[in-house]
1. For the subset of the range 142-162 comprising residues that are part of a helix (DSSP H, G or I) and surrounded by fewer than 18 Cβ atoms within 10 Å (Cβ to Cβ), which member is nearest to the chain's Cα centre (by Cα)?
2. Given (1) among the hydroxyl-bearing types (Ser, Thr, Tyr); (2) farther than 30 Å from PRO253 by Cα; (3) assigned to a helix (DSSP H, G or I), identify the lone condition not met by THR131.
3. Just the residues that are more than 19 Å from GLY69 (Cβ to Cβ), open to solvent by 50 Å² or more (accessible area, probe 1.4 Å) and in contact with a helix residue (DSSP H, G or I) (Cβ under 7 Å, 6 or more places away or on another chain), please, taken from the range 16-55.
4. Just name the residue that is surrounded by the fewest Cβ atoms within 10 Å (Cβ to Cβ) out of those in the range 120-141 that are touching a helix residue (DSSP H, G or I) at 6+ places or on another chain (Cβ under 9 Å) and within 19 Å of PHE179 (Cα to Cα).
5. State which residue is nearest to LYS183 (Cα to Cα) when the search covers only the range 213-269 and only residues that are aliphatic (A, V, I, L, M) and open to solvent by 30 Å² or more (accessible area, probe 1.4 Å).
6. Take the residues in the range 80-109 that are modelled with pLDDT under 75 and assigned to a loop (DSSP other than H, G, I, E, B), then tell me which one is surrounded by the most Cβ atoms within 10 Å (Cβ to Cβ).
7. Which condition number does VAL188 fail, the rest of (1) closer than 17 Å to GLN121 by Cα; (2) modelled with pLDDT under 95 being met?
8. Considering only the range 152-166, how many residues are in contact with a strand residue (DSSP E or B) (Cβ under 8 Å, 6 or more places away or on another chain) and more than 22 Å from GLU218 (Cα to Cα)?
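The values are calculated or read from the model by the stated rules, or taken from the named source; none is laboratory data. These numbers come from a predicted model, not from an experiment. Cβ placement follows ideal geometry from the backbone for every residue including glycine, while neighbour counts extend to all protein chains displayed. Quick note on the areas: whole protein, heavy atoms, side chains included, nothing else; ligands and nucleic acids left out. Shrake-Rupley method; radii C 1.70, N 1.55, O 1.52, S 1.80 Å.
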Amino acid sequence: MDIDIDQDEGPGTRFRSAGQRQARLIELLRTELFADVQVMRDRLGVSIATIRRDLSELESKGLLKRTHGGATVINQVTRDNPAAEREVTNAAEKAMIADAAVELVVEGDAVMIDSGTTSLQVAKRLASNKTLTFVTNGTDVLRALVDGGAQSVHFIGGEYVDINHSCSGPMAADQVRRFNVDKAILSVSSVDVKRGLICTLSPQIGYVQQAMIEIAHEVIVVADHSKFDRTALSVIASMDDLDYIVTNAATRPLVESVSENLKKKFIFA
């Protein structure tokens with residue numbers, strides 16, 4: 001098997017491939033969250049020049065973010081905190097995002113609202129508008145709509161997913177496709193700006209959100225800044241498939257590199 005040895009490494013340094021070396025680098029960053037190049041050099045036993053080349057390559061793949069003197073990993077989200085905990089995380093930002101998203105809904109709309117905690121804040125603000133028709137797969141959203149006085153509410157059944165208090169999976173997706181709505185309001189686990197994707201934790205949740213995008217005339221993603229520095233397991237859709245991405249002002253620096261067409265989709269609360 002070929003051994004990958006850089007010319008600027010010492011004779012004692014051995015990796016079976018650049019991929020193996022880079023895997024150890026990512027492993028280090030996932031453990032430490034941030035590491036400077038000196039630490040990476042010492043841990044991996046390679047030169048600063050090699051570390052910098054690896055960082056450039058891994059950043060181009062969207063696996064890490066280079067910072068002054070080091071790098072941070074882009075987190076891969078495969079699990080999340082309980083819904084009750086997420087509801088109070090970045091609560092002020094979610095409230096501002098919800099206030100801005102409500103302005104996109106007009107009298108008489110049929111509105112699909114998914115089960116996320118930011119979507120829940122939107123539901124609470126819309127519930128008292130008796131001209132609206134609602135469809136949701138979220139049990140928390142359902143309760144908020146009913147408690148808030150909503151007059152017309154349709155609930156999507158399916159496999160119950162406790163992490164976001166939703167009915168999801170293929171059965172729920174099939175039910176979603178029976179509707180035709182003006183607006184779909186979605187919370188997501190990740191807005192992967194580097195690859196132009198929105199993602200969620202699992203295929204079960206993703207199935208339903210994909211169906212919601214299919215049957216909505218306008219798709220509105222509501223996501224605070226914490227969703228922009230990570231990726232997640234299951235791809236929902238391309239950002240090109242969205243009409244609006246409503247977020248808070250702290251996200252501005254994170255989206256400076258996106259295309260002009262994508263920038264037009266952003267609304268900063």
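1. Keep residues of the range 142-162 that are part of a helix (DSSP H, G or I), which gives 142-147, 162.
Still in the running and surrounded by fewer than 18 Cβ atoms within 10 Å (Cβ to Cβ): 143, 146-147, 162.
Details: ARG143: 25, VAL146: 28, ASP147: 29, ASP162: 18 Å.
Here the answer is ASP162.
2. Among (1) among the hydroxyl-bearing types (Ser, Thr, Tyr); (2) farther than 30 Å from PRO253 by Cα; (3) assigned to a helix (DSSP H, G or I), the lone unmet condition for THR131 is (3).
3. Result: ARG24, single match.
4. Restricting to residues being touching a helix residue (DSSP H, G or I) at 6+ places or on another chain (Cβ under 9 Å) and within 19 Å of PHE179 (Cα to Cα), the top hit is LEU132.
5. Narrowing the range 213-269 to residues aliphatic (A, V, I, L, M): 213, 215-216, 219-223, 232-233, 235-237, 239, 242, 245-246, 249-250, 254-255, 258, 262, 267, 269.
Within this subset, residues satisfying the condition of being open to solvent by 30 Å² or more (accessible area, probe 1.4 Å) are 233, 235, 249-250, 254, 267, 269.
Values: LEU233: 25, VAL235: 21, ALA249: 23, ALA250: 25, LEU254: 26, ILE267: 16, ALA269: 19 Å.
Only one residue tops the list, namely ILE267.
6. Our first condition is that a residue be modelled with pLDDT under 75; within the range 80-109, this holds for 80-88.
Filter once more, keeping what is assigned to a loop (DSSP other than H, G, I, E, B): 80-82.
Values: ASP80: 15, ASN81: 10, PRO82: 11.
Within the range 80-109, the match that is surrounded by the most Cβ atoms within 10 Å (Cβ to Cβ) is ASP80.
7. Of everything listed in (1) closer than 17 Å to GLN121 by Cα; (2) modelled with pLDDT under 95, VAL188 misses just condition (2).
8. Here is the first cut: in the range 152-166, the residues in contact with a strand residue (DSSP E or B) (Cβ under 8 Å, 6 or more places away or on another chain) are 152-161, 164-166.
Okay, now just the ones that are also more than 22 Å from GLU218 (Cα to Cα), so 157-161, 164-165.
The qualifying residues number 7.
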